[in-house]
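The following block contains the structure, expressed as structure tokens.
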Amino acid sequence: MADLTLTPTPHSIDISLTGRCNLKCKYCFYANEMTALTDLSTEKWLACFEELGRLNVMEVTLSGGEAFTRPDLFELIDGVIANRMRYSILSNGTLITDKTLEQFAVGKRRQRLNYIQISIDGSRPEVHDASRPNSFTRAVRGLRLLKEAGFPVTVRVTINKHNLHDLENIAALLLEDIGLPSFSTNDAIPMGSGCQNEQEIALGPREQLEAMDIMRRLLERYPGRLNAQAGPQAKIQMYAEMEHARRTGEKTTRWGMGYLTACGCTFSKLAILHDGTIVPCNMLTVRLGNVTTDSIREIWHTHPVLKAMRERRFIPMQEVPGCANCEWAPYCNGSCPALPYTLYGDFNRANPHDCYRRFIQEVGHGVAQ
Amino acid sequence: MPARYLRNPDIVCREEPFDQWLFFNPDTNNRRFSNAVGAAVWHLCDGTRDLSQIVQEICQTFEGVPLDDVTGDIAALLQSMEAEGFISRIE
């Protein structure tokens, strides 16, 4: 086995500060059993941030639940700042008011803020609220407040069955009306609430294809202003590169084809759930320890689960269960391991939601045609 | 009295793979990679040392480094670190 060179400590940590949320979104992966856990106290989070400071962690992403439901949020942000870190916040935007913005003016809270990301799923209440109930007006108000006050604000649109035919209107709202420089997309996946609501919310292959066509048009209309690490927009390029590699034999150097290389997160980051549980990612909740009792440094260097996740990249796709006879295996990377772990209890499997073979079987053709 | 150099206490100096060091300024989000000599120079900026003292210590730590050769390099390094807010100068 090749020796992997690892950073001595993580660069960044994703932190779910609370399990509480004022919304009940239909695809929330942070739902069900997660909400049964108890939030860490202010003191315990501050002690955690001191450890992150000692580890020279550079940035944290604060989310929940909904981070703004914590009355001590700004005290916690000051703890992040005191320990030489920058931070970002992922929020539903509904609790952001003028008073919230005033609190960012204290000390270095504004200076150390990388961005606030707001989730917007529709251009109008009927669409947005279908997946994020009773929240459109407040979410857009929060977004506009941040934008008008000059905050570094971005938006994530989670593409789902309810907003598929509203994507062009959403882009117009965000880029033209509100005037954001850009926004990003992904799609609803069957995890957490999304598992119970899969039929209602998650895109099937035919809807994925339709979403890819729409996103292709939007990319032409708004060049350089739409981003995606996952979902239909990301698949436009990923599937095209797989087609190209199979046709020409030229494999992309952007990502490792033919091996379980998807997700390099465990080489640079970790996540902490709201009860202090340390996990590889807040979507891949294999318990590695708890910040109140365990050393993050030791877990980072010695935990067998992290070691196994880092070594996924040496597993040929042909050896992955269900992929042995797939003609796309030499060009695939298995995609995000969180869903297979949720479905099969095994992260060394391919993500069925992103499977190109399944996509072709159901749609009847590939993206090259 | 020659100027002495002091580390910015907010700067993060991380060891990285392949014998690299990463300086991170959380106030500006500026990141700069350096080698072990750069990291050693930064650590020597404790407010008590001037350029000649830093050069001397570096030459002692990294054997075989000729003093004349490194003085200009370290002076330039200190200048750029100061410009990027990683250290300050005490006159």
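Assign unit charges at the C-beta atoms only (+1 for Lys and Arg, -1 for Asp and Glu), then state the dipole size of the protein assembly as shown relative to its Cα centre in Debye, rounded to the nearest 20.
On the way: 48 positive and 56 negative charges, 179 e Å.
Roughly 860 debye, rounded to the nearest 20.
Report the gain in length on full extension from A:Thr137 to A:Asn325: 0.36 nm times residue separation, minus Cα-Cα distance, nm rounded to one decimal.
Working: separation 188, 0.36 × 188 = 67.68 nm, distance 4.97 nm.
Roughly 62.7 nm would be gained on extension.
Turning to a different aspect of this structure: Just rank A:Ser182, A:Ser123, fewest to most, by other beta-carbon atoms within 10 angstrom.
Values: A:Ser182 13, A:Ser123 21.
Lowest count first: A:Ser182, A:Ser123.
Can you compute the modelled spin-label distance between A:Arg310 and B:Leu51, with each label point 7 Å from Cα toward Cβ, in nm?
4.2 nm
Given C-alpha coordinates of the protein assembly as shown, what is the ratio Rg to Rh with the Kirkwood estimate of Rh? Before the final figure, lay out each step's value.
On the way: Rg = 24.3 Å, Rh = 24.2 Å.
Computed over Cα atoms, the ratio is 1.00.
Here's another thing I want to ask about it. Counting only other residues whose beta carbon sits under 12 Å from that of A:Gln361, what net charge do I get with K and R as +1, D and E as -1? Can you show the working numbers first?
Numbers: positive: A:Arg206, A:Arg357, A:Arg358; negative: A:Glu327, A:Glu362.
Taking every other residue near A:Gln361 into account, the sum is +1.
Sticking with this structure for a sec: Can you sort A:Arg254, A:Arg141 by how many other beta carbons sit within 10 Å, fewest first?
Values: A:Arg254 9, A:Arg141 14.
If I rank by nearby Cβ atoms, fewest first, I get A:Arg254, A:Arg141.
Just to be sure I understand the model, the point goes 7 Å from the Cα along the line to the Cβ. What's the resulting A:Phe74 to A:Gln318 distance in nm?
Taking the simple label geometry, A:Phe74 and A:Gln318 are separated by 6.1 nm.
Starting from 0.36 nm per residue, how many nanometres of slack lie between A:Asp346 and A:Glu168 once their C-alpha separation is accounted for? Working shown, then result.
Working: separation 178, 0.36 × 178 = 64.08 nm, distance 3.73 nm.
The A:Asp346-A:Glu168 span can extend by a further 60.4 nm.
Can you tell me what share of the DSSP beta bridges in the protein assembly as shown is antiparallel? A percent to the nearest 5 is fine.
Details: 22 of 49 bridges.
If I count the DSSP bridges inside the protein assembly as shown, around 45 percent turn out antiparallel.
Ok, one more. Would you be so kind as to identify which of A:Leu260, A:His365, A:Asn197 lies farthest towards the positive end of the dipole of chain A, taking Lys and Arg as +1 and Asp and Glu as -1 on Cβ and the Cα centre as origin?
A:Leu260
Let me ask you something else. Modelled label-to-label distance, B:Phe62 and A:Lys108, 7 Å Cα→beta-carbon offset: nm?
Reported label-point gap for B:Phe62 and A:Lys108 is 2.8 nm.
For A:Asp187, B:Asp68, B:Asp46, what ranking results if the residue with the fewest other Cβ atoms within 10 Å of its Cβ goes first?
Details: A:Asp187 27, B:Asp68 8, B:Asp46 12.
Fewest to most other Cβ atoms nearby, the residues stand as B:Asp68, B:Asp46, A:Asp187.
Name the long-range amide H neighbours of A:Arg86: under 5 Å, sequence gap of 5 or more, or other chain; modelled H, no Pro or chain starts.
Amide H neighbours of A:Arg86, under 5 Å, 5+ apart: A:Glu59, A:Val60.
Related question: Using helices alone, what [θ] at 222 nm do you get for chain B, with -39,500 (n - 2.57) per DSSP H run of 4 or more residues, divided over all residues and rounded to the nearest 500?
The per-residue figure over chain B is -12500 deg cm²/dmol.
For chain B, what Kirkwood radius comes out of the mean inverse Cα-Cα distance, in Å?
Value: 13.3 Å, from the Cα pair sum.
Values quoted throughout were computed directly from the atomic coordinates according to the rules given, and no laboratory measurement underlies them. Everything numeric here is computed off the predicted structure, so don't read it as measured data. No Cβ is skipped: glycine too gets one built from the backbone with ideal geometry, and neighbour counts run over all protein chains shown.
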